[in-house]
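The values are calculated or read from the model by the stated rules, or taken from the named source; none is laboratory data. Remember, it's a predicted structure, so these values are computed and weren't measured experimentally. In this analysis, Cβ positions are derived from the backbone assuming ideal geometry, glycine residues included, and neighbour counts consider all displayed protein chains. These accessible areas exclude ligands, DNA and RNA; they are computed on the full protein's heavy atoms, side chains included. Shrake-Rupley method; radii C 1.70, N 1.55, O 1.52, S 1.80 Å.
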Amino acid sequence: MEWTEALNRTIAFAEAHLRERLTVADLAKAAGISAFHLQRGFRIITGFSLGEYVRNRRLYCAALEIANTERSILDIALDFQYETAESFTKAFSRFHGSTPSQVRSEGAKKSVLPITPFLPVTISIHVTGGNKMDYEVMTVKGFTLIGFEREFPFGDSYTTLPQFWDEMRKRYFKKLWGGNAPETPQEMAILENGIGEFGICIDSTGSDKFRYMIAGAYKGGNVPEGMTTFDVPAGDWAKFRVIGPLPGALQAVNTRVFKEWLPGNPDWEAAGQYTIEWYSNGDTNSSGYLSEIWLPVKRRK
């Protein structure tokens, strides 16, 4: 299970470098997979973003060192990549519910430490249905998308992305889907390019955020203010069929892709720096609503 092994390599690398500056790019290089897919998969499987995981491990290890050594709290804070004692104390108190000084005092008395344990995670995935998922792998020609784009953190994307869709639905789609004529360049572009047919998650230069575009297939012509385009290269895609109301059905299948399909698939692994959602026409609240998740893949060596 190369995907499982990659996540465990990430955790081992982070553990060995808690006292050093760590970037998402560093962790992705250690894992041997793209930063984009690493962050999506890590969050889905562990419940933590990479940044949260590293930060929590540092704060727990720092608490143990404060309680069991006489090193200055400032030196320990600097060791664990905090620039000032103030920023360290604020983060420490928020996580543990007690200050570094309180932990040192209790440690000196050999009493129960007022800290929150946070031990290293070990990834062990039980594959229950990866081979039974409704999908097909097919080669797709390159194409261009046009739409509205924003940047989102990985940590709360299951909440913030539906909010983005709701905002665009109220601002543009409800009016146009109701049969009203377009009045602005943006509304014209929505109709001409079928914006709303796709959603695409795009890597944001290896940070803890990603770009998301509510998009349609670009037919050419003017790109109105507030919109952008993205070129999707040709390649192999695993297309997962989703039946059920949004966003729950789509999010459930997306979770299964990372928890079941990727770890258990002997032939394909994730590729590229993006994933695409495809939406059909119809009532998105219907139990029979059809959508798809498109994951760029490559054959395992």
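Here is how the numbers come out for the structure above:
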{"quantity": "Test: residue in region 222-237 that is open to solvent by 30 Å² or more (accessible area, probe 1.4 Å), assigned to a helix (DSSP H, G or I) and either more than 18 Å from PRO296 (Cβ to Cβ) or acidic (Asp, Glu) (or both)", "calculated": "no"}
{"quantity": "Scan of region 16-28 for residues that are among the charged types (D, E, K, R) and surrounded by 15 or more Cβ atoms within 10 Å (Cβ to Cβ), ordered by number", "calculated": "ASP26"}
{"quantity": "Residue within region 13-24 that is in contact (Cβ under 8 Å) with a residue 60 or more places away in the chain and either closer than 25 Å to TRP294 by Cβ or small (Gly, Ala, Ser) (or both) present", "calculated": "yes"}
{"quantity": "Residues of region 1-15 satisfying the condition of being open to solvent by 70 Å² or more (accessible area, probe 1.4 Å) and among the hydrophobic types (A, V, I, L, M, F, W, C)", "calculated": "MET1"}
{"quantity": "Hey, ALA62 touching a Gly at 6+ places or on another chain (Cβ under 8 Å) and open to solvent by less than 20 Å² (accessible area, probe 1.4 Å) or not", "calculated": "no"}
{"quantity": "Criterion (β-branched (Val, Ile, Thr) and over 30 Å from TRP261 (Cβ atoms)) met by exactly one of THR116, THR159", "calculated": "THR116"}
{"quantity": "Candidates GLY178, GLY155, GLY248, filtered to the one that is free of Cβ contacts under 8 Å to residues at least 24 places away in the same chain, closer than 30 Å to ASP267 by Cα, surrounded by fewer than 20 Cβ atoms within 10 Å (Cβ to Cβ) and of a type outside the set (S, T, N, Q)", "calculated": "GLY248"}
{"quantity": "Residue list for region 101-116, filter: in contact (Cβ under 8 Å) with a residue 40 or more places away in the chain and of a type in the set (Lys, Arg)", "calculated": "none"}
{"quantity": "Some residue of region 160-168 being open to solvent by less than 30 Å² (accessible area, probe 1.4 Å), among the aliphatic types (A, V, I, L, M) and in contact (Cβ under 8 Å) with a residue 40 or more places away in the chain", "calculated": "yes"}
{"quantity": "Tally of residues being open to solvent by 70 Å² or more (accessible area, probe 1.4 Å) and under 23 Å from LEU246 (Cα atoms) across region 181-196", "calculated": "1"}
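Residues checked against (1) more than 23 Å from ALA16 (Cβ to Cβ); (2) in a loop (DSSP other than H, G, I, E, B); (3) touching a Leu at 6+ places or on another chain (Cβ under 6 Å):
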| residue | (1), (2), (3) |
| --- | --- |
| ALA67 | no, no, yes |
| ILE76 | no, no, no |
| GLU83 | no, yes, no |
| PHE88 | no, no, no |
| PHE95 | no, no, yes |
| ARG104 | yes, no, no |
